[in-house]
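Have a look at the structure below before the remarks.
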Amino acid sequence: MSLGYAQKLSYKEDVGTVGMPEIFDSPHALDSKIEELAVMILRSKHLVAFTGAGISTSSGIPDFRGPKGVWTLQQAGKGIPDASLPFHRAMPSLTHMALVELERAGVLKFVISQNVDSLHLRSGIPRKKLAELHGNSFMEVCSSCGKEYLRDFEIETIGLKETRRRCADNSCLAKLTDTVLDWEDALPAKEMDLAQNHCSAADLVLCLGTSLQITPACNFPFRCLKNGGRVVIVNLQSTPKDKKASLVIHGLVDKVMEAVMRILNYRIPPFVRIDFVHVSLSHSPRKKACVKWVLRIKSIHGPKATMPFLKSVEVAFPDRPDMKCALLQEQPFVLKRQTTQRKSFKILLTLNLSEGCGSSFSQIEWPVNFQVKKKSLSLDRDKVLNELKDLAERESCCGQEVLLERNVESRSEFTAHAIVTNIVRYAKIEEVPENDDLITSVNGGAFTLKRSCDDGDNSEKSAKRCK
């Protein structure tokens, strides 16, 4: 776990009960409750999810109050537990992706998160359908115009402090601040208003992986009760709000959501992570026989930003054995050379990916001809990224790269590239059979559910390299 995140999670005396024992429903009771939850979701017209740290433990991020939780260990005088991956490489859990599918299907209307790990946004929940009550460790916001910037690195400060970067809007250029609340900070008004409004409108609020102890957020789900709505709590520990809930399920949230999705006949999509790099080549005037040029590989987030997914860059010239290869190991990655103007050549960049990525490397080819000027190119970003995700999913591997943009000026060329760095699959069979033996008939308003005997593996991950 990173230093900034550890600071955010520091134990205080007034955090409520910690070290709470885990409770597991019996298999029979669990199956019955899961079926009841599936019926409630199916009947719901305005479903809201309210999530806590428990939905990210299977992503390698410790919770707060469990037997090995952050606050539990700190209260006992022990150190902060280690995460299984670098914080910036944590991947969405099965529960995150189940919520994405429910949102895409129009079932889930809104998500309220108490987490700062950015996994809801990374998983694919639209920003307009998400309230992050405690902020986002990977988000900066402009203090003037309010524009948000989602980063691939953890922001270095917490407590709504100024960071080292400025707004990219040339008409603004105000300083950016982090978005993670410290203990004395009030909930952000915009996020709080959205959360309260959706809870008031909800007919079902699904509380997942939260002990419901941090105020005022813990009271939001129960606003739905005034209009006849219901609350379901899925958590391994008891909560102070259990008596107000229509249904309390004690079980692993991933297992519960996996079973619910199977009953409802919804596929849990794989998660495909894409990271981005900027590559630039600038050169001296073409008037002389030799040209001095500078190659830079840098973050899309600006010159002061790091690329935590990149370990080093190898630069080769496959069609020019007379040109010496280079290994760049420090960010920003820069290579300076001088070559004859008349001879064209090809640059082959091998991007060596860091720990936590699903592939060891990716490659970018860059043809160079100083006597021919290229044309700028602007592509439909969303379309290109969706096609890249589909390709990665079909090939079941990481490392694919695609060009997003090329900007050509008189003495320089800039390109933006997208790279698939991880794929996580959550079931052996992702395509759910069409409404055969899973669910459901509606007879006079009564739902009939049928159990499936097929139990998929929910943790299969692909780290295979494309040839």
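The values are calculated or read from the model by the stated rules, or taken from the named source; none is laboratory data. Nothing here was measured: the structure is a model prediction, and the numbers come from that model. Ideal geometry is used to build each Cβ from the backbone, glycine not excepted, and the neighbour counts take in all protein chains shown. We work out accessible area using only protein heavy atoms, side chains counted, and drop any ligands, DNA or RNA first. Shrake-Rupley method; radii C 1.70, N 1.55, O 1.52, S 1.80 Å.
Some values worked out for this structure:
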{"quantity": "Distant-in-sequence amide H partners of S312 (H built 1.01 Å from N, under 5 Å)", "calculated": "N352"}
{"quantity": "Rounded Å value of the spacing that divides the Cα centres of region 148-221 and region 293-325", "calculated": "35"}
{"quantity": "Segment Q329-D382, length gained on full extension (0.36 nm per residue, minus Cα span)", "calculated": "15.9 nm"}
{"quantity": "Fully extended contour minus Cα-Cα distance, from K375 to D242, at 0.36 nm per residue", "calculated": "41.6 nm"}
{"quantity": "Placed amide H near F333: partners under 5 Å, 5+ positions off or other chain", "calculated": "I297"}
{"quantity": "Accessible area in the full protein assembly, largest first, 1.4 Å probe, for K161, K129, K311", "calculated": "K311, K161, K129"}
{"quantity": "For region 213-255, accessible area per residue (1.4 Å probe, heavy atoms of protein chains only), Å²", "calculated": "45"}
{"quantity": "DSSP-defined antiparallel bridges as percent of all bridges, region 97-236, nearest 5", "calculated": "50"}
{"quantity": "Candidate residues T95, T57: accessible-area rank, largest first, probe 1.4 Å", "calculated": "T57, T95"}
{"quantity": "Surface accessible to a 1.4 Å probe, T239 within the full protein complex, Å²", "calculated": "20"}
{"quantity": "Carbon/sulfur fraction of accessible area - region 214-351, other protein chains in place, 1.4 Å, %", "calculated": "51"}
{"quantity": "Amide proton proximity set for R230, modelled H, under 5 Å, gap of 5+", "calculated": "L204, V205"}
{"quantity": "Heavy-atom SASA rank of D319, D182 (probe 1.4 Å, accessible area, largest first)", "calculated": "D319, D182"}
{"quantity": "Rounded to whole Hz, the Karplus (6.51, -1.76, 1.60) HN-Hα couplings of region 219-226, x for glycine and proline", "calculated": "8, 4, x, 7, 5, 5, 5, 5"}
{"quantity": "Region 106-262 pair-distance distribution - Cα-Cα, 10 Å bins, rounded %", "calculated": "10, 35, 34, 16, 5, 0"}
{"quantity": "Phi-based couplings in Hz for region 328-345 (Karplus 6.51, -1.76, 1.60; Gly and Pro marked x)", "calculated": "9, 10, 10, 8, x, 7, 9, 10, 10, 9, 9, 9, 5, 6, 7, 8, 7, 7"}
{"quantity": "Accessible-area value, E184, 1.4 Å probe, nucleic acids and ligands omitted, Å²", "calculated": "140"}
{"quantity": "Residues R43 and N407, FRET efficiency given R0 of 41 Å [Cβ-Cβ distance, rounded to 0.05]", "calculated": "0.20"}
{"quantity": "Contour excess over end-to-end distance, with Cα ends at E355 and R127 and 0.36 nm allotted per residue", "calculated": "79.3 nm"}
